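Before any comments, here is the structure.
Values in this text are rule-based calculations from the coordinates and carry no lab data. Remember, predicted model here, so these are calculated numbers, not experimental data.
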Amino acid sequence: MTHSRQLYKDEVNGIFFGVCAGLADYFNLNVVLVRLVFVVPFPPIWIIYFMLALVLPPKPTHAQLVPNFNETLVAVRKQLHHIEQDILCIEAYVISDEFELRRKLWD
């Protein structure tokens, strides 16, 4: 199973908007090092920080990532029902006279 990585603001682990924590998580860096880059008194980097704070979506919580158990159960039941219907159709064909006739003709 592959997971697509997306850049988020990590407001839970962040201090100010969660941009640095999100960048550190995305690039697998130490959050302190990322914060040091944005603390440097360099105004363009602050503009980038605030733009990222406005643009980046917040990181989803664990509850948002885990599917609802009941929804999952309903989906699995629906798939199993479709599989059962397919098996019943195959069984009906295999025990039919048409199948027997075709088997005798092709053997």
Check your understanding: Using a ≥ b ≥ c from the Cα gyration tensor of segment 1-61 (square roots of the eigenvalues), is it rounded, prolate or oblate, where a/c under 1.5 gives rounded and otherwise the larger of a/b and b/c decides, a/b for prolate?
Key -> prolate
Check your understanding: Whose amide H sits under 5 Å from the amide H of Lys9, counting only residues 5 or more places off or on another chain, with H placed in the peptide plane?
Key -> Lys59
Check your understanding: What number, rounded to the nearest 500 deg cm²/dmol, is the helix-based mean residue ellipticity at 222 nm of the chain, given -39500 (n - 2.57) per DSSP H run of at least four residues and division by all its residues?
Key -> -20500 deg cm²/dmol
Practice item. Compute the Cα gyration tensor for the chain, then decide on rounded, prolate or oblate, letting a ≥ b ≥ c be the square roots of its eigenvalues: rounded whenever a/c is under 1.5, prolate when a/b is larger than b/c in the other cases, and oblate in all that remain. Key: prolate
